[in-house]
Amino acid sequence: MPDAHARDPQPAACENCATPLQGAFCHRCGQSTHSPVRHTGHAIEEVFESFWHLDGRIFRTLRDLLVPGRVAARYLAGQRVRYVAPMRLFVILTLLTVFVAKFLVDGATLGIAADSLDRETRGRIAAATTVAEVVAVRDDVLADLDETRRVAGAIPGVRPQLDEAEALLRQQAHARIEALGGGDGAGPADGADRDDAGAGDATPVARRPGPPTIGGPLGERIERNLMRMRDDPGVFSRALLGAAPTTLFILVPLFAVLLKLFYVSQRRLYLEHVVIALYSHAALMLGLLLVFCCALAGGWLAPHAGWAAHALGWAQTLLLWSLPIYLLAMQKRVYGQSWPWTLVKFAVIGQLYLALFLSVAVPMAGYALYTA
């Protein structure tokens, strides 16, 4: 099998600045003659070589990334030295977006706990007929609040809300215990508290009163989350949006396959389609990062400056609508086909990609809510 470098003839002039070459690097701009879109080995080398060594290129890349298709078209044309490598840029933006998305998902799961406290928990406490049942409900919800505090307690503003929810829970439980003629049951949940409460009544403790659940602890948790999502449908949407960065990371090679199939007549190499897929997904990550930042900032501003939170809500909507328009314009610029053909291919690729996205993102969002 011939060597990869032997099958990769060096150009006579630099592809970036057109300076005549005398070796493997341009003596004027420093660009290598090895193209990462022609060999897998070069592409892998691009990922690991100076991965975190970012300079002014990151700002130039992000600036040009705002123009649909400019970075991908220039990179494929050989002007690579001025931009951050596609895989490197995509990974960096993905890490930042996943980090911010975690706060969004945690905020959604926190919203489930906060919204359900006044509805479900109050109903369970009011339905309790013995002190032991009230204590069991209280301890169960306290355990959920402790877990939420452990996972999301670092988010600004979360811990005071959890403390307020815990105080309200203890107040409601104490009032119900007093109504049942019991003693002071508002103290910390512990084994002695459970034993004392159960000693005064021979009725078995019903940890979750009501109709039978769909089976076991797993079924109980699923049923409870379904009831909470019924009360607040936006919870799942926020969790789905939070799962988007990881899903996009998984789908990059599949998106490149779709591009290869629909543009097979252009005889581009698969790695060229991977470059296009990486830069398009990097733009998506940048857009999602801005959306998530607006969502978090809007949540913090809502109690203090409602007009600013409302404006950020409109900004989120505009950003989300601009993403498919950006991808359409990028596809037209990079592949250079007519608008009718571009629209048809974009619509078909978009439908297939949406199906792939939902098949991965929906289970991930459901799992995030279930484990909350």
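The values are calculated or read from the model by the stated rules, or taken from the named source; none is laboratory data. Source: prediction; values computed, not measured. Neighbour counts are summed over all protein chains in view; Cβ atoms, including those assigned to glycine, are modelled from backbone coordinates with ideal geometry.
Observations on the model:
- Residues (farther than 24 Å from MET87 by Cβ, small (Gly, Ala, Ser) and part of a helix (DSSP H, G or I)) located in the range 285-316: ALA295, ALA297, GLY298, GLY299, GLY306, ALA308, ALA309, ALA311, GLY313, ALA315
- A single entry from LEU54, LEU110, LEU104, LEU62 fulfils the requirement of being at pLDDT 70 or above, of a type in the set (A, V, I, L, M) and either in a helix (DSSP H, G or I) or more than 22 Å from LEU323 (Cβ to Cβ) (or both): LEU62.
- In the range 1-51, residue modelled with the highest pLDDT [restricted to those that are of a type in the set (Val, Ile, Thr) and closer than 29 Å to ILE92 by Cα]: THR33
- Residue in the range 209-225 that is modelled with pLDDT of 90 or more and among the polar types (S, T, N, Q) present: no
- Among all residues of the range 313-326, there is at least one that is closer than 16 Å to ARG70 by Cα, under 23 Å from the mean Cα position of the chain (by Cα) and in contact (Cβ under 8 Å) with a residue 60 or more places away in the chain.
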